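The values are calculated or read from the model by the stated rules, or taken from the named source; none is laboratory data. The structure presented is a predicted model; accordingly, all values stated were derived computationally and were not measured. Backbone-built Cβ (ideal geometry, glycine too); neighbour counts: all protein chains shown. Side chains included, ligands, DNA and RNA excluded: accessible areas come from the protein's heavy atoms. Shrake-Rupley method; radii C 1.70, N 1.55, O 1.52, S 1.80 Å.
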Amino acid sequence: DFEKYDSEPLYSKEDSEHYRDDDDDRSYFMKAKHFRGHLAGFEAGFNNFVHAGSMVLPAQIDYMSLETNSSCSFNVNFSQINIGLCRYSGIVAGIGLNWNNYRFKNLNSIAINEEGIVTGISASSSAPVKRSKFSTLYLNVPVLFEIQVPAGYSNSLNIAAGVVGGIKLNAWTKVVLKDGEKSRVNGDYNLNLLRGGVTGRVGYRNFMIYGTYYLTPWFQENKGPEGLNIEPFEIGLAFTFND
């Protein structure tokens with residue numbers, strides 16, 4: 001009888017395959033659990049506008065033309081959520097603030113005219129204008145799919161692309177005269193409350209190049225500059241600190 005029991009295996013072939021599958025599933029889950037994306041941190045870049053696929057704006061809204069090298073954007077992503085799909089890829093989402101400064105090339109400003117649309121205005125003072133800009137502040141919620149090669153947060157090439165939604169918090173114009181006088185005017189400037197776009201980034205370890213292009217109408221219908229709509233975009237550098 002003892003010989004009989006000794007000769008019989010404790011587990012069948014089917015049982016062994018079942019336990020092996022469980023181990024593989026558990027290993028896969030553990031690897032996906034360790035995925036950490038690159039999002040929380042700081043971003044700094046430059047802004048500009050596109051109309052009908054061109055950065056050259058129509059003559060009637062030339063007052064919206066920008067000094068690109070002085071039109072800066074700053075983003076702070078406070079936190080992020082990581083959803084690992086496997087060890088080297090996953091979904092990363094977060095929340096943050098997006099601050100855009102659009103420095104006008106022609107040193108003019110903008111306002112809402114009697115017809116209720118955005119139009120260009122000259123400075124109200126006879127003193128020469130030193131600089132003039134239009135600024136916006138949004139609460140942003142980005143969601144990206146990220147791939148890391150090789151797998152891991154600290155020593156990997158990372159590539160990500162996704163969407164970003166924004167809620168307008170504030171908008172204002174500011175004019176600075178050469179004599180030091182400053183004028184700031186807050187308003188909604190016919191901007192839509194919500195906006196959405198596509199965003200992407202590529203980098204190594206904690207440093208990345210990023211770009212964002214907003215696809216949804218920025219201004220309310222037929223109430224943008226001279227009734228037209230322009231699409232903002234930004235490109236710059238990002239540094240993440242989720243280490």
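The single condition among (1) within 23 Å of Met64 (Cβ to Cβ); (2) open to solvent by 60 Å² or more (accessible area, probe 1.4 Å); (3) not in a strand (DSSP E or B); (4) not hydrophobic (A, V, I, L, M, F, W, C) that Asp179 does not satisfy is (1). For segment 198-212, the condition holds for no residue, the condition being that it is part of a loop (DSSP other than H, G, I, E, B), out of contact with any strand residue (DSSP E or B) (no Cβ under 6 Å at 6 or more places or on another chain) and not charged (D, E, K, R). Evaluated against (1) open to solvent by less than 50 Å² (accessible area, probe 1.4 Å); (2) of a type in the set (A, V, I, L, M, F, W, C); (3) under 23 Å from Gly53 (Cα atoms), Ile209 falls short on exactly one condition, (1). Somewhere in segment 137-154, is a residue open to solvent by 20 Å² or more (accessible area, probe 1.4 Å), touching a strand residue (DSSP E or B) at 6+ places or on another chain (Cβ under 7 Å), in a strand (DSSP E or B) and free of Cβ contacts under 8 Å to residues at least 40 places away in the same chain? No, that holds for no residue. Look through segment 37-87, keep the residues that are open to solvent by less than 10 Å² (accessible area, probe 1.4 Å), out of contact with any Pro (no Cβ under 8 Å at 6 or more places or on another chain) and not in a strand (DSSP E or B), and return whichever of them is modelled with the highest pLDDT. My answer is Ser71. Listed by first and then second residue, the pairs linking a residue in segment 63-91 that is touching a residue at least 60 places away in the same chain (Cβ under 8 Å) to a residue that is of a type outside the set (A, V, I, L, M) and part of a helix (DSSP H, G or I), with Cβ atoms under 6 Å apart and 6 or more places separating them unless they lie on different chains, are Arg87/Lys31. Going through (1) more than 19 Å from the chain's Cα centre (by Cα); (2) more than 19 Å from Leu97 (Cβ to Cβ); (3) of a type in the set (A, V, I, L, M, F, W, C) one by one, Ile209 falls short only on (1). Within the set Gly196, Gly227, the sole residue that is open to solvent by 20 Å² or more (accessible area, probe 1.4 Å) and not aliphatic (A, V, I, L, M) turns out to be Gly227. For segment 88-127, residues that are under 30 Å from Val141 (Cα atoms) and open to solvent by 40 Å² or more (accessible area, probe 1.4 Å) total 7. Checking the stated criteria, Ala171 turns out not to satisfy the condition of being open to solvent by 30 Å² or more (accessible area, probe 1.4 Å), part of a strand (DSSP E or B) and in contact (Cβ under 8 Å) with a residue 24 or more places away in the chain.
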